[in-house]
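Peer 1: Here it is: the structure, laid out below.
The values are calculated or read from the model by the stated rules, or taken from the named source; none is laboratory data. Every value quoted in this text rests on a predicted model; they were computed, and no experiment measured them. Counting neighbours? That spans all protein chains shown, and the Cβs are built from the backbone with ideal geometry, glycine included.
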Amino acid sequence: MNAASVSLVHDLRPRILERRQRLEAAAPSISADYVNHLLAEIDEALQKIDNGSYGRCETCHDAIEPDRLECNPLARFCLDHLTSEERRAHEQDLELATQIQTRLLPARDIAANQWQTHYRYQPAGVVGGDYCEVVVSGDSSLFFAVGDVAGKGVAASLLMTHLSAIFRSLLSLDLPLAEVISRANRLFSESTPAAHYATLVAGRTTQQGVDLCNAGHCRPLVLRRERFEWMEATGLPLGLFSESRHTVRHIRLDPGDLLILYTDGVTEAQNPEGAAYEEEGLLRFLRSDPERNGLAVVDGILQDVSRFRGAGPPQDDVTLLAIQRRS
């Protein structure tokens, strides 16, 4: 098996070197034996990077899971060959991460004034990197968002938690939507490694529809009585450039109209032959099913994607959110 990818090594090497510098700075106040042990681990990791063997399990020599290296660049064993103590710690960490992520998710079905929302969140593993938020403001308007953090597993879930904390803090300030997105992008850019970013669609309900901002995410779909409309991206993903500009557009929604947000775990789902579901799969299902109830649409899409995928396991997190203006 190959060792860690070139891009991953490129990202992790500076982090390993930074750990060494911090350890040397703190050495006078720490046990010499302990410092020497950690320095040896760091130097061994750097040596493996130099000779091309970094990221291989020392027991089976297969590749160590990339998300584990993201969390711990000094990891030496794959999940199948952890010590019993490491395995217990890993299981406890996953359990805690699952609890935290579950508590961050909104209620599955929320109604406020003339608006009704329904979402479904299905991580590919124990935890996921998709982001979903629905918050009722003091004036009974709704802030909503669906996003996807680059990466998978625990590392992505940690960034999703970070993104959630940023938005919840900003929403308490009662800022215009454009300012919320701008500040979130700046904070995310300045507090995460350069290789990480998040695509995102966020919006806020108004009297006549929704204000919507699409930061490099999958195109939302508006279901009207007699037609469909795709909503194009209006800005770059969060985290790429701290001063990126994000445009907010207003979309009129009449009673009964439905706005569907989703992550690429839907459109990039593959059938056993390797073909992708794509946007056309969404349209095909929606044209075959005249149902315009948000809950039925969300559940119907998930079932259709599952049928399309067949017996194979999901390769990515799947999130769907429907916002409907009630009749």
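Peer 1: Go through the range 249-285 and give me each residue that's surrounded by 20 or more Cβ atoms within 10 Å (Cβ to Cβ) and either among the hydrophobic types (A, V, I, L, M, F, W, C) or assigned to a strand (DSSP E or B) (or both).
Peer 2: Keep residues of the range 249-285 that are surrounded by 20 or more Cβ atoms within 10 Å (Cβ to Cβ), which gives 253, 257-263, 265-266, 269, 277, 282.
Leu253, Leu258, Leu259, Ile260, Leu261, Tyr262, Val266, Ala269, Leu282, listed by residue number.
Peer 1: Which of (1) surrounded by 13 or more Cβ atoms within 10 Å (Cβ to Cβ); (2) under 22 Å from Thr205 (Cβ atoms); (3) of a type in the set (Gly, Ala, Ser) does Ser327 not meet, given it meets every other one?
Peer 2: The single condition Ser327 does not satisfy is (1).
Yes/no per residue for (1) more than 25 Å from Gly128 (Cβ to Cβ); (2) under 28 Å from the mean Cα position of the chain (by Cα); (3) modelled with pLDDT under 85:
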residue	(1), (2), (3)
Leu8	no, yes, yes
Glu24	yes, no, no
His37	yes, no, no
Asp62	no, yes, no
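Rundown of residues vs (1) in contact with a helix residue (DSSP H, G or I) (Cβ under 7 Å, 6 or more places away or on another chain); (2) modelled with pLDDT under 90; (3) of a type in the set (A, V, I, L, M, F, W, C), yes/no style:
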site	(1), (2), (3)
Thr205	no, no, no
Asp211	yes, no, no
Pro237	no, no, no
Glu243	no, yes, no
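Peer 1: Are there any strands (runs of 3 or more DSSP E) wholly within the range 109-204 with 2 or more residues that are hydroxyl-bearing (Ser, Thr, Tyr) and buried (at least 22 other Cβ atoms within 10 Å of the Cβ), and if so which? Walk me through it before giving the result.
Peer 2: Working: elements: 109-112, 115-122, 130-136, 142-149.
Output list reads 115-122.
Peer 1: So, one more: Name every residue in the range 304-327 that is part of a helix (DSSP H, G or I) and either hydroxyl-bearing (Ser, Thr, Tyr) or out of contact with any Phe, Trp or Tyr (no Cβ under 9 Å at 6 or more places or on another chain) (or both), in order of residue number.
Peer 2: Residues of the range 304-327 part of a helix (DSSP H, G or I): 304-309.
Ser306, Arg307 - these are the residues of the range 304-327 that are part of a helix (DSSP H, G or I) and either hydroxyl-bearing (Ser, Thr, Tyr) or out of contact with any Phe, Trp or Tyr (no Cβ under 9 Å at 6 or more places or on another chain) (or both).
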